[in-house]
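The values are calculated or read from the model by the stated rules, or taken from the named source; none is laboratory data. For clarity, every value in this text was computed on a predicted model and none was experimentally measured. Here the Cβ is made from the backbone with ideal geometry for all residues, glycine too, and neighbour counts use every protein chain on show. Heavy atoms of the whole protein, side chains included, go into the accessibility calculation; ligands, DNA and RNA do not. Shrake-Rupley method; radii C 1.70, N 1.55, O 1.52, S 1.80 Å.
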Amino acid sequence: FRRVLFRSLATKNSRLGDLARIHHLRGNIYFPLGRVDKCLAQHKASLRFAQRAASIEDEARAFGGIGDGYYMSGSMLEAHDYFERCITLCQRHSLAAIDISYRPMRATTHMYCLRFDSALADCQEVCQLADETGRLRGAIISLNISSQILLEKQQYAQAEADAQYALELVSRTGAKRFVPLFHDVLARSEEHTSELQSPCNLVCRLLLEK
């Protein structure tokens with residue numbers, strides 16, 4: 001009887017976990033469509049099923065998804081709170097893949113709250129995790145954030161270094177949509193550091209090199 005009961009509970013929890021992941025994926029579909037209410041509703045449903053399934057991994061993922069929804073709505077403090085919950089679970093339970101996905105978002109909300117040093121620390125941590133796991137997209141996103149912050153802090157050499165390294169990762173992953181972002185960093189840095197070449201000339205040269 002106990003074996004049957006345990007198997008029944010395991011099956012039930014497995015289905016709850018599946019529902020948590022399905023709602024998370026649906027929330028992710030609504031995110032790029034800009035449908036904030038539906039995005040948040042799906043991720044909150046994901047959290048409910050994750051908690052009923054007692055799945056820490058799905059709960060962390062749901063926290064991150066809710067953070068995305070609030071971020072899209074412009075509610076940075078609420079977004080940061082959920083990203084914080086997500087990352088805390090990831091650190092506590094060694095969920096590196098989810099950590100790499102959502103720590104750049106925590107860095108972003110740090111940035112919008114003008115906590116630049118905290119944002120840069122998150123970006124550095126993501127790059128280290130990405131190097132260890134091979135999940136380079138998280139590093140590219142983090143380098144986009146860090147290079148922008150470094151520009152604002154007038155640390156132009158480091159901003160250029162981050163942008164150049166990011167372009168190397170872009171070439172390895174084929175994520176070409178990030179290319180203009182890092183060319184913009186290089187051009188704006190050039191504007192402040194070089195008297196020999198204008199940003200306009202730099203952009204033209206970068207376009208010709210493609």
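Couple of notes before you dig in:
- For region 34-56, taking the residues that are small (G, A, S) and open to solvent by 50 Å² or more (accessible area, probe 1.4 Å), the one that is nearest to Y70 (Cα to Cα) is identified as A41.
- Scan of region 106-118 for residues that are more than 24 Å from S189 (Cβ to Cβ) and surrounded by 23 or more Cβ atoms within 10 Å (Cβ to Cβ), ordered by number: R106, T109
- Of the residues making up region 14-33, those that are within 15 Å of G69 (Cβ to Cβ) and surrounded by fewer than 15 Cβ atoms within 10 Å (Cβ to Cβ) number 4.
- Subset of region 149-192 that is among the hydroxyl-bearing types (S, T, Y) and open to solvent by 80 Å² or more (accessible area, probe 1.4 Å) - its residue that is nearest to the chain's Cα centre (by Cα): Y165
- Subset of region 118-150 [among the hydroxyl-bearing types (S, T, Y) and free of Cβ contacts under 8 Å to residues at least 24 places away in the same chain]: S118
For every residue, the table says whether it meets (1) part of a helix (DSSP H, G or I); (2) modelled with pLDDT of 95 or more; (3) farther than 19 Å from C127 by Cα.
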{"position": "Q158", "(1), (2), (3)": "yes, yes, no"}
{"position": "A161", "(1), (2), (3)": "yes, yes, no"}
{"position": "Y165", "(1), (2), (3)": "yes, yes, no"}
{"position": "P180", "(1), (2), (3)": "yes, no, yes"}
{"position": "D184", "(1), (2), (3)": "yes, no, yes"}
{"position": "R188", "(1), (2), (3)": "yes, no, yes"}
{"position": "E195", "(1), (2), (3)": "no, no, yes"}
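- Looking across region 119-147, the residues that are surrounded by fewer than 19 Cβ atoms within 10 Å (Cβ to Cβ) and either touching a strand residue (DSSP E or B) at 6+ places or on another chain (Cβ under 8 Å) or closer than 19 Å to F178 by Cα (or both) come down to Q124, D131, G134, R135, R137.
- E78 being touching a Gly at 6+ places or on another chain (Cβ under 9 Å) and at pLDDT 95 or above: yes
- Pairs linking a residue in region 34-50 that is of a type in the set (V, I, T) to a residue that is open to solvent by less than 20 Å² (accessible area, probe 1.4 Å), with Cβ atoms under 9 Å and 6 or more positions apart or on different chains, are V36/G69.
- Sole residue being modelled with pLDDT under 95 and of a type in the set (A, V, I, L, M, F, W, C), chosen from A175, A121, A107: A175
- Residue in region 85-97 that is in contact with a Gly (Cβ under 8 Å, 6 or more places away or on another chain) and open to solvent by less than 50 Å² (accessible area, probe 1.4 Å) present: yes
- Tally, over region 53-66, of residues that are more than 14 Å from H23 (Cα to Cα) and without any contact (Cβ under 8 Å) to a residue 40 or more places away in the chain: 1
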